[in-house]
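Take a look at the structure below.
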Amino acid sequence: GWKVGENAATFSVQDGAIVVFGPRAHLYYMGPVQDHVFTDFEWKADVMTFPGSNSGMYFHTEYRESGWPEKGYEVQVNNSHTDPIRTGSLYNIVNYMISAPARDNEWFTQLVIVKGRTVTIKVNGVTTVAYTEPAGVERPASMAQRLLSKGTFALQGHDPKSRVHFRNIQVRPL
């Protein structure tokens, strides 16, 4: 139920995990659950990053053949990459920049809950983001579609030096 456009070789499956390692690419869920259109949900994955890696978990997005997703939000996966925005952030909306709430080379669980206008992100059960999108919010042109709406999920291949594993991916529509 997953689909990737450019740089498909960035994604593979090893030992029951989706392995992300290669040039920028995005793997979109296009499967039968909710006909891959989600509004309110709980989305959870076990994640393991390797030193210097960066990735993301997008929601309310839509398939694109190439480039970065324009629609929806990104939940950051980054414990030690040079980008200072860390795991558990709602990227460029609520940035968690102190220290990563998880460690490289260890599995951690990232949970994303969207209900109405509220986004909650938890890493290993600890809330890193509790964000309520204001009614009528306006974003800069480069982020015009970074709004709560509906859409699918995507996993991000950020760059050729980043290696991240995802397993036990689960979604529960609310």
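At a glance:
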{"read-out": "Candidate lysines for bridging to Lys122, where Cα separation is under 23 Å - those fewer than 8 sequence places away on the same chain excluded", "value": "Lys44, Lys71, Lys150"}
{"read-out": "The chain - Debye-derived log10 I(q)/I(0), Cα point model, q = 0.16, 0.20 Å⁻¹", "value": "-0.91, -1.52"}
{"read-out": "Burial order of peptide ranges 136-143, 119-126 (average beta-carbon count within 10 Å, highest first)", "value": "119-126, 136-143"}
{"read-out": "Calculated FRET value between Ala130 and Arg24, using beta carbons and R₀ = 30 Å, to 0.05", "value": "0.50"}
{"read-out": "Sorted peptide list for 108-117, 31-40, 80-89, criterion being average Cβ within 10 angstrom, highest first", "value": "80-89, 108-117, 31-40"}
{"read-out": "Segment 83-159 shape via C-alpha gyration tensor axes, a/c threshold 1.5", "value": "prolate"}
{"read-out": "Alpha carbon convex hull of segment 9-66, volume per residue in cubic angstrom", "value": "119 Å³"}
{"read-out": "Among 11-19, 144-152, 61-69, the order from most to least packed when residues are scored by Cβ within 10 Å on average", "value": "144-152, 61-69, 11-19"}
{"read-out": "12 Å beta-carbon shell around Gly22, net charge (K/R +1, D/E -1)", "value": "+1"}
{"read-out": "Mean accessible surface per residue for segment 72-174, computed with a 1.4 Å probe while every protein chain stays in place, in Å²", "value": "48 Å²"}
{"read-out": "Share of carbon and sulfur in the accessible heavy-atom surface of the chain [1.4 Å probe, %]", "value": "51 percent"}
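The values are calculated or read from the model by the stated rules, or taken from the named source; none is laboratory data. In this text the structure is predicted, and so the values were computed from the model without any measurement. Cβ coordinates were reconstructed from backbone atoms using ideal geometry, including for glycine residues, and neighbour counts include every protein chain displayed. Accessible surface areas use protein heavy atoms only, side chains included; no ligands, DNA or RNA. Shrake-Rupley method; radii C 1.70, N 1.55, O 1.52, S 1.80 Å.
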